[in-house]
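The values are calculated or read from the model by the stated rules, or taken from the named source; none is laboratory data. Just so you know, these numbers come straight off a predicted model, no measurement behind them. Here the Cβ positions follow ideal geometry from the backbone for every residue, glycine too, while neighbour counts run over all protein chains shown.
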Amino acid sequence: MNAPLLKESFELIAPQKEAFARQFYERLFTTYPQTRPLFASTDMRRQESALMATLAAVVAGVERGENLVPVLRKLGERHYRYGVQPEHYPLVGQALLATFSDFLGPRFTPAMQDAWVQAFEVISSQMIAAGEP
């Protein structure tokens, strides 16, 4: 994964992390309404904070060269218990990329987008594997 590009793009949104997370979930629910029931009993402000904390941990872990597999597997197990299915992950990935693009505009370069696509593929594949029987 391209740690410098992940870090640079994440740092660009960090000052607006609450608004970024809010817009991400609004986009997810508007574009993919089938995901809304997964959050029916969720405190969305807390969920928004958890999203940003997870992204920060991934970026920092990649930057330090940490093995993120155990963390991602635990996250995947939790998501599986919440009812998240493998087909939900691409929807989340698309919403995440679109939110980065909205927030950063032309500063969200094709190379940054590629870095997030690659990172999300790794993240989602590990999370999906953790939820498989």
Single residue of segment 48-72 satisfying the filter (over 19 Å from residue 3 (Cβ atoms) and surrounded by 15 or more Cβ atoms within 10 Å (Cβ to Cβ)) that is nearest to the chain's Cα centre (by Cα): 51
Long-range neighbours under 9 Å by Cβ, at least six apart or interchain, first residue acidic (Asp, Glu) within segment 109-122, second surrounded by 14 or more Cβ atoms within 10 Å (Cβ to Cβ) and part of a helix (DSSP H, G or I): 114/5; 121/93
The one condition in (1) over 20 Å from residue 125 (Cβ atoms); (2) part of a helix (DSSP H, G or I) that residue 54 fails to fulfil: (1)
Subset of segment 5-24 [closer than 28 Å to residue 66 by Cβ, in contact (Cβ under 8 Å) with a residue 24 or more places away in the chain and not small (Gly, Ala, Ser)]: 5, 6, 7, 8, 10, 12, 13, 16, 17, 18, 20, 24
Count of residues meeting criterion [in a helix (DSSP H, G or I), out of contact with any Asp or Glu (no Cβ under 9 Å at 6 or more places or on another chain) and not hydrophobic (A, V, I, L, M, F, W, C)] in segment 5-33: 9
Per-region count, segment 105-130, residues more than 15 Å from residue 4 (Cβ to Cβ) and small (Gly, Ala, Ser): 5
Residue count, segment 90-112 (criterion: closer than 18 Å to residue 17 by Cα and over 11 Å from the mean Cα position of the chain (by Cα)): 9
Of the criteria (1) more than 17 Å from residue 1 (Cβ to Cβ); (2) surrounded by 18 or more Cβ atoms within 10 Å (Cβ to Cβ); (3) at pLDDT 95 or above, which one residue 102 fails: (2)
